[in-house]
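Student: Got a structure for you, written out below as structure tokens; questions coming shortly.
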Amino acid sequence: MEWWVALAIVFGSMFILFMIGLPIAFSFLAINIVGVIVLWNGEAGLNQLVLNIFSSVSKFSLLPIPMFILMGEIMFRTGLGFKVLDAVGKWFGNLPGRLSIVAVGSGTLFSVLSGSSVASTALLGSLLVPDMQKKDYSPAMTVGPILGSAGLATMIPPTALGILLASLASIPVGHFLFSIVIPGILLAFIFILYIIIRCYLQPELAPSYDVEKVSISEKLIGTIKYILPLGIIVFLLLGLIILGYATPTQSAVLGALGTIVLSMFYGGLTWEKFWDSLTGTLRSSVMIFMIIIGSTTFGQILSYTGVTGGLVQLVGNIEIHPIMILILIQMVLLLLGCFMEPLSIMMMTLPVLMPIAKSLGFDPLWFGAIMLLNMQIATITPPFGMDLFAMKAVIPKGTISMKEIYLAVIPFILLNLLVMALMIIFPSLTLWLPSFVK
């Protein structure tokens, strides 16, 4: 069988399963079962599938995923996020688009303790949208900044999606987490700059209002009490890795422990909330691990049928600059992001794209960071971005239409693409920080 025929059959079957509503994990499992029975002699293929399932999830490097999810669950269920949001808001005074800037600032902070863009969207949307609407903010400055900043949970460590990408692509998790720090912070800075400039030029989008004056001492007390302790979590997550005292897995466990301790002191952590956090973590982790289970055999099937080798050879024979091929890859991923969620895209494309990236001489950290930013864009890309529907679910009914949400998020998609262009032009944005990791 020609490799392109196998590719058409595998991906065509997958799209059919997605369209009939079968969950991602079970779609890949179904493809794998049929594939191993047909290609690997029935029972022997099923035995190999079982071995692949065990080997794919029995990795110590995957432990950070449930730890990061647990951090986000505890953060949101205990209400610690509300206190941090209030402390952040006190520092922005009467800047143009104040509440929109608060959304970006809070989204950046929450991304350190969450790793889930959907969770950040739900929290920020439920907290900020009603107040923004009372202040007559337009949808462009209401849901747009929240959706843009919630996506930072994908690009600023810890990020469950980033760890999953690194694991599927066989990239060192610790180095990869550091490769996305500077692009994530740069993205937040560009969001704030855009909001200030646009609200200055079009003040009707975010009307100014009287802000209660807060003394410097009160601001400092709120910062010391609720914001600075987050620095301890950041140090546990990233600082210990840089100093060489802990692995990414050990840092993730310490970060989760630190979040639990902070929530006990500030967020009112109870046994009931802790249990709810554990069950929420279990549900999300099982879903992610089921997807990982399908990736190993899926990649082997593509390799066995010659799909991976055929595509690598095809790309190698194209006589254009490798950067142009990189841009074409990102355009295809952006198109897929309009209709599919990031996990599905990563599962389908990583087994093919990573060999192509290596054949073109791309640094895996650099290529992976660019792809992760593309996956972040997929969460807010109309018409089927996950975060768009999460936003629609939490805002007051009948106030903002889905069309207005689509229009509001477009500028932030363009800003994401600007940062992606900067990452392609200046690889040091992703490769400089990992060089310090011991």
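Student: Report, ordered by chain and residue number, the aspartates and glutamates lying within cross-link reach of K403, taken as a straight Cα distance under 19 Å and ignoring same-chain residues fewer than 8 apart.
Tutor: Straight-line reach from K403, under 19 Å: D136, D387.
Student: Cα axis of helix 98-113 to longest principal axis of the chain: angle in degrees, 0 to 90, nearest 10?
Tutor: The answer is roughly 50 degrees.
Student: Counting Lys and Arg as +1 and Asp and Glu as -1, each charge on the Cβ, what is the dipole of region 268-427 about the Cα centre in debye, to the nearest 20?
Tutor: With only Lys, Arg, Asp and Glu charged at Cβ, the dipole is about 200 debye.
Student: Looking at the square roots a ≥ b ≥ c of the eigenvalues of the Cα gyration tensor of region 166-227, which shape do they give, rounded for a/c under 1.5, prolate if a/b is larger than b/c, or oblate?
Tutor: Oblate.
Student: Something else: In the chain, with Lys and Arg counted as +1 and Asp and Glu as -1 at Cβ, which of these residues, S344, I395, A6, has the Cα nearest the positive end of the dipole, that is, farthest along it?
Tutor: The Cα lying farthest towards the positive end belongs to I395.
Student: Starting from the Cα of K273, draw a straight line to each of the lysines and keep only those under 23 Å, dropping any in the same chain fewer than 8 residues away.
Tutor: Within reach: K83, K225.
Student: Work out the charge dipole of region 123-229 with +1 on the Cβ of Lys and Arg and -1 on the Cβ of Asp and Glu about the Cα centre, then indicate which of F191, V129, A166 is farthest towards its positive end.
Tutor: The residue sitting farthest along the positive end of the dipole is A166.
Student: Let me ask something else about it. Could you look at region 13-55 and say what percent of its accessible area is carbon and sulfur, using a 1.4 Å probe and all protein chains?
Tutor: Carbon with sulfur: 76 percent of the solvent-accessible area.
Student: Apply the Debye scattering formula to region 322-384, with a single equal point scatterer on each alpha-carbon and no solvent, then give log10 I(q)/I(0) at q = 0.13, 0.23, 0.29 Å⁻¹.
Tutor: These q points yield log10 I(q)/I(0) values of -0.31, -0.93, -1.34.
Student: Given a 1.4 Å probe, how much area per residue of the chain is accessible, in Å²?
Tutor: 43 Å²
Student: Could you tell me whether the chain comes out rounded, prolate or oblate from its Cα gyration tensor? Rule is a ≥ b ≥ c as square roots of the eigenvalues, rounded for a/c under 1.5, then prolate if a/b exceeds b/c, otherwise oblate.
Tutor: Prolate is the answer for the chain, as a/c is 1.5 or above and a/b outweighs b/c.
Student: Give me the aspartates and glutamates in straight-line cross-link reach of K392: C-alpha distance below 12 Å, same-chain residues under 8 apart excluded.
Tutor: Output for K392: E404.
Student: Please say if region 196-236 is rounded, prolate or oblate, where rounded means a/c under 1.5 for a ≥ b ≥ c the square roots of the C-alpha gyration tensor eigenvalues, and otherwise the choice is prolate for a/b larger than b/c and oblate otherwise?
Tutor: oblate
Student: Give, in nm to one decimal, the length gained when the segment between E2 and M331 is fully stretched (0.36 nm per residue of separation minus the Cα-Cα distance).
Tutor: 115.8 nm
The values are calculated or read from the model by the stated rules, or taken from the named source; none is laboratory data. None of the values given here were measured: they were computed from a predicted structure. All Cβ positions, even for glycine, are placed from backbone atoms using ideal geometry, and neighbour counts span all protein chains on display. Quick note on the areas: whole protein, heavy atoms, side chains included, nothing else; ligands and nucleic acids left out. Shrake-Rupley method; radii C 1.70, N 1.55, O 1.52, S 1.80 Å.
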